[in-house]
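Enquirer: This is the structure, below, for whatever I ask next.
Just so it is clear, none of the values below were taken in a lab; they were calculated from the coordinates. A quick note: this is a predicted structure, and the numbers were derived from the prediction, not measured. Note: ideal-geometry Cβ built from the backbone for every residue, glycine included; neighbour counts use all protein chains shown.
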Amino acid sequence: MPKELRRIEYDELATNLRRVFDRLMSDNEAVVVEKEGRELAVLKPLRSTKIRRPRKASAAKVAQSKDGILQATGGWKDIVDTEAFKAYIYKRRRTSSRPSVHL
């Protein structure tokens, strides 16, 4: 049978926010926030509060990435007129695609 969630009133949460969050983290259990008998929200701690740091890429992965970038360099050559493409981009930036706002 699932354990009943602890319930607190909205006013208690509003006046004792820090204490409620401290208890939430220490007990590691969800809390139902109620106001006038209606359930408003469920607060629950994150599964892990540890900050995960990305792993450092190996030299082989870095070399592979560099090779891929170098192979992609010049991929549009002789396919796209880059000057016309840049002109198109600048023209689109100057024109608005959104309707005017009338207040």
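Enquirer: I'd like the full set of residues that are surrounded by 13 or more Cβ atoms within 10 Å (Cβ to Cβ) and either of a type in the set (A, V, I, L, M, F, W, C) or under 19 Å from residue 4 (Cα atoms) (or both), limited to the stretch 16-28.
Expert: Hits for the stretch 16-28 are 20, 21, 23, 24.
Enquirer: OK, next. Within the stretch 29-74, how many residues are over 13 Å from residue 5 (Cβ atoms) and touching a Lys or Arg at 6+ places or on another chain (Cβ under 9 Å)?
Expert: Final tally of qualifying residues: 0.
Enquirer: Does residue 100 qualify as being surrounded by 11 or more Cβ atoms within 10 Å (Cβ to Cβ), farther than 30 Å from residue 4 by Cα and among the small types (Gly, Ala, Ser)? Spell out how you get there, then give the answer.
Expert: On the way: surrounded by 11 or more Cβ atoms within 10 Å (Cβ to Cβ): no; farther than 30 Å from residue 4 by Cα: yes; among the small types (Gly, Ala, Ser): yes.
Considered against the rule, which asks whether it is surrounded by 11 or more Cβ atoms within 10 Å (Cβ to Cβ), farther than 30 Å from residue 4 by Cα and among the small types (Gly, Ala, Ser), residue 100 comes out as no.
Enquirer: How do the strands (runs of 3 or more DSSP E) wholly within the chain filter down when requiring 2 or more residues that are of a type outside the set (D, E, K, R): which remain?
Expert: Here the list reads 31-35, 38-43.
Enquirer: Give the residues of the stretch 38-89 that are among the charged types (D, E, K, R), farther than 30 Å from residue 22 by Cβ and loosely packed, with under 10 Cβ neighbours inside 10 Å, sorted by residue number. Give the derivation first.
Expert: Of the residues in the stretch 38-89, the ones among the charged types (D, E, K, R) are 38-39, 44, 47, 50, 52-53, 55-56, 61, 66-67, 77-78, 81, 83, 86.
This time we only want the ones that are farther than 30 Å from residue 22 by Cβ, so: 55-56, 61, 66-67, 77-78, 81, 83, 86.
Passing the criteria: 55, 56, 77, 78, 83.
Enquirer: Would the stretch 63-81 turn up any residue that is in contact with a Leu (Cβ under 9 Å, 6 or more places away or on another chain) and not small (Gly, Ala, Ser)?
Expert: no
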